[in-house]
Amino acid sequence: MRIGTLKETYAADEALFDTRTQRIWLALFFLGLVLFPFTVGEYWLYIACLVAIHVISTTGLNILTGFTGLVSLGQAAFMGVGAYTVAVLEARLGTPTLLNILVAGFVTAGVGALVGLPSLRVKGLYLAMATIAASFILHFIFANWNSVTHGVSGINVPPAEVLGFEMARPVQLYWLIVPFAIVMVLAASNLFRTRIGRAFIAIRDRDISAEVLGIPLLRYKLMSFALSSFYAGVAGGLWAYFFRVVTPESFPFVYSIFFLAAVIVGGMGTILGGILGAVFMTLVPEVLKLAVGVLSPVLPDAVAILSPVRTIVFGALIVGFLVFEPHGLAEIWRRTRRFFHLWPFKT
Amino acid sequence: MSIHAPLLCVDAVSLSFGGLKALSGVTFDVAPNSITAVIGPNGAGKTSLFNCISGFYTPQQGAIRFAGEDITKTHPPHRAKIGLARTFQNIALFRGMTVLDNIKLGRHAHMRTNLLDALLYWGRAQKEEVELRAEIEERVIDFLEINHIRNQPVASLAYGLRKRVELARALAMRPKILMLDEPVAGMNREETEDMARFILDVKEEWGVTILMVEHDMGMVMDISDHVVVLNFGTVIARGLPGEVTQNPDVIRAYLGGTDVEALQRRIQGREAA
Ligand SMILES: Nc1ncnc2c1ncn2[C@@H]1O[C@H](COP(=O)(O)OP(=O)(O)O)[C@@H](O)[C@H]1O
Ligand SMILES: [Mg+2]
């Protein structure tokens with residue numbers, strides 16, 4: 001049980017983590033993240049890095065879709081832009097890793113803003129269609145702009161290197177990818193404490209009255225697209241260093257659906273939702289793989305049906321959450337916490 | 001601009017939707033620091049007039065001037081910035097946000113935090129947010145007596161309170177002119193009296209000019225300085241509240257007959273129209 005808190009100043013009331021208990025939990029969480037690489041094996045570090053990359057990209061999509069209300073099915077293609085930016089920079093110029101990742105973010109932000117241009121005129125399904133079209137165009141460019149992307153054979157990426165340390169294995173990359181994820185998630189939380197984040201939500205809830213309050217719709221919609229794509233670009237850049245080869249097949253359309261599913265399953269329009277959704281959706285295929293391993297003695301075809309089953313599971317999760325828990329895992333988490341705060345007085 | 005110059009001029013504004021003339025040649029002025037009421041039967045064009053003034057519709061003819069500037073063709077965000085605020089007939093709050101966040105949005109146009117400030121929440125962003133919070137708490141929330149609901153999501157509020165929150169958000173814009181579309185429609189007597197008191201206080205304490213559409217004739221008579229009567233998109237009368245209600249055209253438009261007594265009974269009896 002926790003007793004209600006009384007805030008002394010407006011500044012304290014506006015803080016991100018406003019209670020002592022929250023700060024203690026947060027400190028424990030960070031400690032856990034630091035100790036994690038020393039306690040688990042390569043496989044779980046691989047999963048952790050992948051989760052962190054997905055957290056970045058999902059948080060980006062959440063800014064656009066969950067907070068601004070603009071549905072996009074282009075997140076994977078945007079990650080592709082980031083990944084190719086890193087691959088090309090490495091291959092051609094050999095510029096430093098951190099710089100490459102940032103450039104990947106900015107290049108992708110530019111592409112995202114361009115794709116967002118129709119968003120002033122079209123909404124909902126039509127905007128989703130426009131982003132699908134954009135992602136097929138990007139895919140076509142990845143596959144056919146041979147002089148830059150090397151077509152279907154793709155580009156190999158050398159290991160990341162930061163401050164003279166080479167990072168090739170998950171145990172090393174963990175220290176690059178996880179900090180990026182933390183900083184970007186915190187930045188996104190900050191955003192929604194300010195006028196910019198509020199403007200995004202206002203556009204989602206009722207864009208006509210947002211305009212009367214002095215929010216220029218086009219500028220903010222493009223800003224949301226650009227920011228969301230920046231997140232995708234950074235995630236894609238990290239992805240390139242993680243998998244070390246970038247091909248047109250690396251970022252298939254189903255990967256965009258994966259991110260949309262993560263936003264919906266986690267909870268649209270909450271930062272926590274983006275994190276929970278990314279973790280959950282990354283673990284689902286792993287659990288399925290485990291299940292296949294268990295089933296293969298009795299069901300020899302299990303491996304073959306893994307891929308279609310995975311797609312079906314993604315789809316079922318989207319529909320299931322939309323119908324039964326539209327606020328996603330974040331809401332379930334909130335209810336659980338509430339239960340424990342009030343326990344044993346009220347359940 | 002001299003003190004006598006009108007703050008808002010609506011000059012021969014005409015608006016049509018396809019063949020339907022919603023407004024034709026509407027002309028009137030709003031004097032600074034006054035309360036002007038626009039009345040008229042349903043479908044008279046009152047909301048359309050508001051939409052022209054706040055920039056959702058561009059009139060086909062005529063001009064709208066605010067504080068000396070021709071704003072006929074400017075976008076709504078610009079109008080917000082130069083001091084026009086409004087509320088909506090069917091409440092346009094952001095349902096996914098708390099009362100406090102809704103009100104904070106009112107200050108949007110006057111804040112400077114940019115995207116980078118916002119992501120870092122450092123320096124300017126933090127300073128601005130804390131100042132904003134203090135200002136809203138002290139000037140708006142206390143004033144409108146909504147302290148008890150500040151952290152509630154607006155979706156959970158009763159109708160009368162939502163109207164009050166919408167007024168709070170408009171006040172947070174620090175407007176020069178506040179446009180209220182049917183501020184007491186659907187409210188009970190007590191809520192109506194509270195709202196009338198707030199509107200008068202806004203005018204007197206904040207020096208904000210008010211332009212409102214209202215059906216409640218009792219309230220119109222009580223608090224407005226000037227009344228404009230619309231019927232079928234044209235101004236059929238304007239003047240002091242007392243004068244306008246004597247006007248036979250107005251009585252006909254309102255009651256569909258010539259029953260002067262009935263209208264006066266309504267006004268004196270303070271019945272909601
Ligand atoms: N967006 C629109 N499209 C077509 N007709 C409209 C639109 N808005 C209002 N009208 C018409 O214009 C007339 C005036 O409506 P309105 O301004 O809402 O009246 P009031 O607010 O005085 O009740 C009505 O006949 C209405 O049907
Ligand atoms: Mg109306």
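The values are calculated or read from the model by the stated rules, or taken from the named source; none is laboratory data. Values in this document were obtained by computation on a predicted structure and should not be read as measured data. Glycine also receives a Cβ, built like all others from the backbone with ideal geometry; neighbour counts cover every protein chain displayed. Just so you know, the surface numbers come from the protein's heavy atoms only, side chains and all, with ligands and any DNA or RNA stripped out. Shrake-Rupley method; radii C 1.70, N 1.55, O 1.52, S 1.80 Å.
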With the checklist (1) at negative phi; (2) within 14 Å of chain B (Cβ to nearest Cβ) in hand, flag the one item A:ALA130 doesn't pass.
-> (2)
Those residues of the range B:227-273 which are over 25 Å from B:THR192 (Cα atoms), touching a helix residue (DSSP H, G or I) at 6+ places or on another chain (Cβ under 8 Å), aliphatic (A, V, I, L, M) and at pLDDT 60 or above, in sequence order | B:ILE236, B:ALA237
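Kindly indicate the residue of the range B:23-32 that is surrounded by 17 or more Cβ atoms within 10 Å (Cβ to Cβ) and away from ligand 2 (no atom under 16 Å from the Cβ) and also nearest to the other protein chains (Cβ to nearest Cβ) among those meeting that condition. Even if it seems obvious, please write down each step before you answer.
Just the residues of the range B:23-32 that are surrounded by 17 or more Cβ atoms within 10 Å (Cβ to Cβ), to begin with: B:23-24, B:26, B:28-30, B:32.
Right, trim to away from ligand 2 (no atom under 16 Å from the Cβ) and you get B:24, B:28-30, B:32.
Working: B:SER24: 25, B:PHE28: 22, B:ASP29: 22, B:VAL30: 18, B:PRO32: 22 Å.
Residue satisfying both the conditions and the ranking: B:VAL30.
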Out of (1) in contact with a helix residue (DSSP H, G or I) (Cβ under 8 Å, 6 or more places away or on another chain); (2) facing chain A (nearest Cβ under 10 Å); (3) at pLDDT below 90, the odd one out for B:GLY123 is which?
-> (2)
Out of curiosity, is B:GLY207 of a type in the set (Gly, Ala, Ser), touching a residue at least 40 places away in the same chain (Cβ under 8 Å), more than 16 Å from ligand 2 (Cβ to nearest atom) and open to solvent by less than 60 Å² (accessible area, probe 1.4 Å)?
-> yes
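Suppose we keep only residues that are of a type in the set (A, V, I, L, M) and at the interface with chain A (Cβ under 10 Å from one of its Cβ atoms) within the range B:126-147. Which one would you say is nearest to A:ILE271 (Cα to Cα)?
So in the range B:126-147, the residues of a type in the set (A, V, I, L, M) come out as B:130, B:132, B:134, B:136, B:140-141, B:144, B:146.
Then keep just the ones that are at the interface with chain A (Cβ under 10 Å from one of its Cβ atoms); that gives B:130, B:132, B:134, B:136.
Values: B:VAL130: 22, B:LEU132: 23, B:ALA134: 26, B:ILE136: 26 Å.
The qualifying residue nearest to A:ILE271 (Cα to Cα) is B:VAL130.
Quick grid of which residues meet (1) of a type outside the set (A, V, I, L, M); (2) more than 16 Å from ligand 1 (Cβ to nearest atom); (3) out of contact with any helix residue (DSSP H, G or I) (no Cβ under 6 Å at 6 or more places or on another chain):
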residue	(1), (2), (3)
B:ALA44	no, no, yes
B:SER48	yes, no, yes
B:GLY55	yes, no, no
B:PRO59	yes, no, no
B:ALA67	no, yes, yes
B:HIS75	yes, yes, yes
B:ALA80	no, yes, no
B:THR87	yes, no, no
B:ALA92	no, no, no
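Identify all residues within the range B:142-186 that are within 16 Å of ligand 2 (Cβ to nearest atom), crowded, with 16+ Cβ neighbours inside 10 Å and not in a helix (DSSP H, G or I); write none if there are none. Spell out the reasoning first.
First, pick out the residues of the range B:142-186 that are within 16 Å of ligand 2 (Cβ to nearest atom): B:163, B:166, B:179-186.
If we keep only those that are crowded, with 16+ Cβ neighbours inside 10 Å too, we end up with B:163, B:166, B:179-185.
If the condition is that a residue be within 16 Å of ligand 2 (Cβ to nearest atom), crowded, with 16+ Cβ neighbours inside 10 Å and not in a helix (DSSP H, G or I), then B:MET179, B:LEU180, B:ASP181, B:GLU182, B:PRO183, B:VAL184, B:ALA185 are the ones that fit.
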Might you check whether a residue that is open to solvent by 20 Å² or more (accessible area, probe 1.4 Å) and of a type outside the set (A, V, I, L, M) occurs anywhere in the range A:113-120?
-> yes
Determine if the range B:97-118 includes at least one residue that is touching a Ser or Thr at 6+ places or on another chain (Cβ under 6 Å), open to solvent by less than 20 Å² (accessible area, probe 1.4 Å) and not assigned by TED's automatic domain parsing to the domain that holds B:LEU8.
-> yes
State yes or no: is B:PHE66 away from ligand 2 (no atom under 16 Å from the Cβ) and of a type outside the set (Val, Ile, Thr)?
-> yes
Residue satisfying all of: in the range A:6-34; open to solvent by 90 Å² or more (accessible area, probe 1.4 Å) and assigned to a helix (DSSP H, G or I); farthest from A:CYS49 (Cα to Cα) among these | A:ARG20
Inspect the range A:122-135 for any residue being open to solvent by 60 Å² or more (accessible area, probe 1.4 Å) and in contact (Cβ under 8 Å) with a residue 60 or more places away in the chain and give the result as yes or no.
-> no
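Please work out if A:VAL265 is in a helix (DSSP H, G or I) and farther than 16 Å from A:ALA330 by Cβ. Steps first, please.
On the way: in a helix (DSSP H, G or I): yes; farther than 16 Å from A:ALA330 by Cβ: no.
So A:VAL265 does not fit the description; no.
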Residues of the range A:91-108 satisfying the condition of being open to solvent by less than 70 Å² (accessible area, probe 1.4 Å) and under 24 Å from the mean Cα position of the chain (by Cα) | A:THR97, A:ASN100, A:ILE101, A:VAL103, A:ALA104, A:GLY105, A:VAL107, A:THR108
Given the conditions (1) over 18 Å from B:ALA185 (Cβ atoms); (2) within 13 Å of ligand 2 (Cβ to nearest atom); (3) open to solvent by 10 Å² or more (accessible area, probe 1.4 Å), every one holds for B:GLY18 apart from (2)
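On the given criteria, is B:VAL38 away from ligand 2 (no atom under 16 Å from the Cβ), within 16 Å of the chain's Cα centre (by Cα) and within 21 Å of B:PRO183 (Cβ to Cβ)?
Details: away from ligand 2 (no atom under 16 Å from the Cβ): no; within 16 Å of the chain's Cα centre (by Cα): yes; within 21 Å of B:PRO183 (Cβ to Cβ): yes.
Judged against the criteria, B:VAL38 is not a match.
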Open to solvent by 40 Å² or more (accessible area, probe 1.4 Å), among the β-branched types (Val, Ile, Thr) and more than 8 Å from every other protein chain (Cβ to nearest Cβ) - does that describe any residue in the range B:67-88?
-> no
